[in-house]
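The structure under discussion appears below in the form of structure tokens.
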Amino acid sequence: MGLDTAEWGEGRPVLFFSGAAMGCGFGFGTDLVASRGIRLISVERPWPGAPDRTLDTWVEDVRALGLPSCPIVAFSQGAPFGLACAAAGLCTSLVVVSGQDELRSFGDALDPDVARLIRAVDADPAGFEASFAATADAATMWELIAGMSSPVDLAVYTEPAFARAYRSALADGFRRGGAGYARDLVLALRPWPFAVEDIRVPVTLFYGAHDTSPVHSPDLGESLARRIPGATRHLVPDGGGSILWTHTPQILDAVIERG
């Protein structure tokens with residue numbers, strides 16, 4: 001089964017991998033991409049038919065879209081999926097925004113709740129996935145996001161129009177139930193089947209200094225910037241985890257600059 005997509009603008013394709021449990025219908029900068037000559041293509045996650053999917057099969061599914069090699073923007077939990085494509089040489093460049101690192105590499109520096117999740121996944125991946133698939137839904141996900149957010153991010157996420165759009169994206173992500181989200185989560189928390197040190201395409205990292213999410217990079221991208229050859233890291237002093245929407249022009253300019 002192919003991947004669903006949503007599109008905005010015209011011009012050079014740029015793929016967008018959204019955050020946890022978000023459908024493909026909620027993009028970013030949708031009023032700006034056309035003026036920059038960008039055709040933004042949001043690719044659906046969580047997937048249908050999730051139990052047989054891996055980060056490697058995600059790369060093959062993206063390849064099967066039949067697009068020319070192009071930039072990728074990956075947000076939050078979309079980062080492992082973007083990094084997998086970059087490691088496979090499937091994109092011309094990668095921009096990671098508020099992205100999740102390989103969390104198990106942080107050891108004792110992890111939030112205790114995140115460390116417990118990783119231990120549970122390691123102990124019983126199938127049982128963990130089944131439990132999350134049975135209990136996760138859009139309302140619970142919204143509460144989780146709000147509970148992890150700083151005041152800077154809450155001001156963005158709770159703005160009425162934005163909140164409606166974000167909650168609609170979560171409802172879309174859970175429209176087939178929780179299995180897709182559960183698989184996404186397990187793939188993000190398990191050891192990744194590639195090394196970010198092997199990435200050879202240009203990578204730009206954006207993090208907000210007020211990002212308090214424990215499932216984004218605990219060091220706001222410092223480790224990723226060291227490990228990825230030639231990576232460029234931007235720490236936005238007045239931003240949080242929501243910089244994809246609050247600092248959109250800067251991110252789109254990086255997409256264009258890195259090619």
Applying the Karplus parametrisation 6.51 cos²θ - 1.76 cosθ + 1.60 with θ = phi - 60° to the phi angles of the stretch 162-167, what ³J(HN,Hα) value in whole Hz is obtained for each residue in order, glycine and proline being reported as x?
-> 5, 4, 4, 5, 5, 5
Using θ = phi - 60° and the Karplus relation 6.51 cos²θ - 1.76 cosθ + 1.60, list the HN-Hα couplings for the stretch 120-132 in order, rounded to whole Hz, with x at every Gly or Pro.
-> 5, 5, 5, 6, 7, x, 5, x, 4, 5, 5, 5, 5
What percentage of all Cα-Cα pairs in the stretch 36-153 are separated by more than 25 Å?
-> 34 percent
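Could you sort 216, 234 by accessible area so the largest value comes first, with the probe set to 1.4 Å?
Working: 216 15, 234 65 Å².
Of 216, 234, the descending order of accessible area is 234, 216.
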In whole Hz, what ³J(HN,Hα) sequence does the stretch 196-204 give by Karplus (6.51, -1.76, 1.60; θ = phi - 60°), x for Gly and Pro?
-> 5, 4, 8, 5, 10, 8, x, 10, 10
For Cα Rg over 2.2 N^0.38 Å, with candidates [x] 0.92; [y] 1.06; [z] 0.96, the value calculated from the shown model is option [x]
Roll a 1.4 Å probe over the protein heavy atoms and report the accessible area of residue 168 in Å², nearest 10.
-> 70 Å²
Segment residue 126-residue 226, length gained on full extension (0.36 nm per residue, minus Cα span) | 32.7 nm
Under a 1.4 angstrom probe, counting protein chains only, how are 4, 198, 61, 184 ranked by accessible area, largest first?
-> 198, 4, 61, 184
Filter the GluC sites (Glu not before Pro) in the stretch 1-47 down to the DSSP loop ones having no more than 14 other Cβ atoms within 10 Å, then list what survives.
-> 10
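Might you report the magnitude of the Cβ-based charge dipole of the chain about its Cα centre, with Lys and Arg at +1 and Asp and Glu at -1, to the nearest 20 debye?
Numbers: 20 positive and 31 negative charges, 81 e Å.
Rounded to the nearest 20 debye, it is 380 debye.
The values are calculated or read from the model by the stated rules, or taken from the named source; none is laboratory data. Here the structure is a predicted model, which is why all the values come from computation and not from measurement. Every residue, glycine as well, gets a Cβ built from its backbone with ideal geometry; the counts of neighbours run over all protein chains shown. The accessibility values were calculated without ligands, DNA or RNA, using every heavy atom of the protein model including side chains. Shrake-Rupley method; radii C 1.70, N 1.55, O 1.52, S 1.80 Å.
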